[in-house]
1. What is the sum of charges, Lys and Arg at +1 and Asp and Glu at -1, for the other residues whose Cβ falls under 9 Å from the Cβ of Val243?
2. Could you tell me what percent of the accessible area of segment 230-373 is made up of carbon and sulfur, with a 1.4 Å probe and every protein chain present?
3. Quick one: if you stick a label point 7 Å off each Cα along the C-beta vector at Asn349 and Phe228, how many nm between them?
4. Using 1/(1 + (r/R0)^6) with R0 = 35 angstrom and r between the beta carbons of Lys53 and Leu77, what's the FRET efficiency to the nearest 0.05?
5. Leu252 versus Lys320, label points 7 Å from Cα toward the beta carbon: distance in nm?
6. Starting from 0.36 nm per residue, how many nanometres of slack lie between Glu237 and Leu121 once their C-alpha separation is accounted for?
7. Under a Cβ-Cβ cut-off of 12 Å, what is the net charge of the residues other than Lys179 that fall near it, where Lys and Arg count +1 and Asp and Glu count -1?
8. Hey, of (1) 1.52; (2) 1.17; (3) 1.00, which did the structure itself give for Cα Rg over 2.2 N^0.38 Å when calculated?
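The values are calculated or read from the model by the stated rules, or taken from the named source; none is laboratory data. Since the model is a prediction, treat every value here as computed from it, not as a measurement. A quick note on method: Cβ atoms are made from the backbone with ideal geometry, for glycine too, and the neighbour counts reach across all protein chains shown. Protein only, heavy atoms only, side chains kept; ligands, DNA and RNA dropped before computing areas. Shrake-Rupley method; radii C 1.70, N 1.55, O 1.52, S 1.80 Å.
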Amino acid sequence: MKRLIYVVTCIMFIFSSIVFAEEATTDTNAVSATPQKFSISEAIAYAKEHNYKILLSKIDDEIMKKDKQNAEDTQDLANDLYKETKNNDNFSNYKTRAGYNTQMVKNQARMLVLQNKQTELSLEVSVETAYYALSEKKLTYDTKKRTLEQIKRQSDVASKKLELGDISELTYKNVMLEKGTAEVALMNAESEYKKAKMDFNQALGLPLFEEVTLTDEITYITYKVPTFDDKLVNLKENNTAYVQNLRDKELLDFETRLMRTYYGYKSNQYKQIVLKGEQNEINFNHSMEMMEYNLILDIIKLNISARNIDLDIESKEISKLTLEAAKMKYSEGLISEMDMISAELEYQNAELKYIKEVHSYKTEVLRFEKNVE
């Protein structure tokens with residue numbers, strides 16, 4: 001038993017040293033003297049001002065405008081040259097004159113608009129997900145801290161009972177083992193909480209050791225899952241892979257028409273591009289099928305998650321009632337310290353499972369709504 005207490009004390013000392021070192025490092029990173037407060041919307045707004053991907057997307061927009069103008073100028077120039085000379089014509093020049101290259105750049109510009117929208121949505125999702133994760137780890141830490149305080153009270157009582165000879169040495173050692181286990185569990189929870197803070201700060205563009213306070217409470221609200229058909233329409237409008245396939249198909253159809261006009265429908269060139277079109281059609285239909293397949297699974301998963309949380313709420317309520325009953329029995333001397341600790345741990349585990357499920361569910365809903373993987 002002394003060896004167990006010695007090991008736990010050493011671990012606590014090492015962990016305290018790490019915390020002290022972190023605090024010392026914090027001073028050199030010029031973080032705020034007081035914690036910065038963030039709601040979810042404030043965190044997203046802050047990230048949009050400091051995230052490099054958003055800044056790069058604005059430059060991409062300007063480059064694309066130049067590309068569109070260059071494509072239009074090249075088309076005009078090709079038509080002017082053809083009118084003047086009528087010579088040195090080939091299919092590549094014909095495509096340029098017919099507007100194929102201009103259409104291709106226009107398609108790229110439309111895709112860039114969608115991609116930039118997805119970049120912004122992905123940033124929102126990453127920040128909000130980090131917010132949920134930090135909230136979960138903070139609640140987990142607080143819960144385990146409260147449980148440890150309760151177990152410490154039981155261990156103090158057990159120590160006094162051992163002195164009086166009211167409990168056996170074995171019972172006392174079991175109580176102290178539970179205390180040591182709870183202390184290590186709290187240390188792990190604190191470590192995960194610190195990591196979640198750094199992840200959150202990194203997502204926003206804050207110094208890693210900046211102290212932050214979350215002002216939004218993450219509560220469970222049942223999400224009304226849209227119908228399969230409604231969500232599929234939404235996906236077709238916003239899924240970059242689907243829209244890219246659609247644009248590629250339109251462009252290939254355009255090139256196929258040009259190929260038939262230039263070479264004739266009996267030419268090998270035309271027959272070859274028709275076969276390519278058939279391949280693309282098969283791939284397009286398969287990608288559409290996979291999108292529908294994944295959508296069905298996502299809807300099922302959301303419904304199962306919501307049902308699990310309903311059960312978690314019931315489980316938490318039952319374990320809470322069990323704990324209250326245990327406290328009454330304990331005050332009357334009807335159960336032991338170990339029985340009391342078991343009831344406290346059962347309630348803690350029910351709480352933690354509920355907390356984890358709620359934050360996981362919120363993340364699933366967020367990604368589903370935003371169409372972000």
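1. Details: positive: Arg110, Lys236, Arg247; negative: Glu237.
With Lys, Arg at +1 and Asp, Glu at -1, the neighbours total +2.
2. Carbon plus sulfur share of accessible area: 52 percent.
3. The two pseudo-label positions are separated by 3.8 nm.
4. On the way: r = 36 Å, r/R0 = 1.02.
So, using R0 = 35 Å, E works out to roughly 0.45.
5. Between Leu252 and Lys320, the simple spin-label model gives 5.8 nm.
6. On the way: separation 116, 0.36 × 116 = 41.76 nm, distance 1.42 nm.
Length difference between fully extended and current span is 40.3 nm.
7. Details: positive: Lys152, Arg153, Lys173; negative: Glu149, Asp156, Glu178, Glu183, Glu337, Glu344.
Surrounding charge for Lys179 is -3.
8. This structure yields the entry labelled (1).
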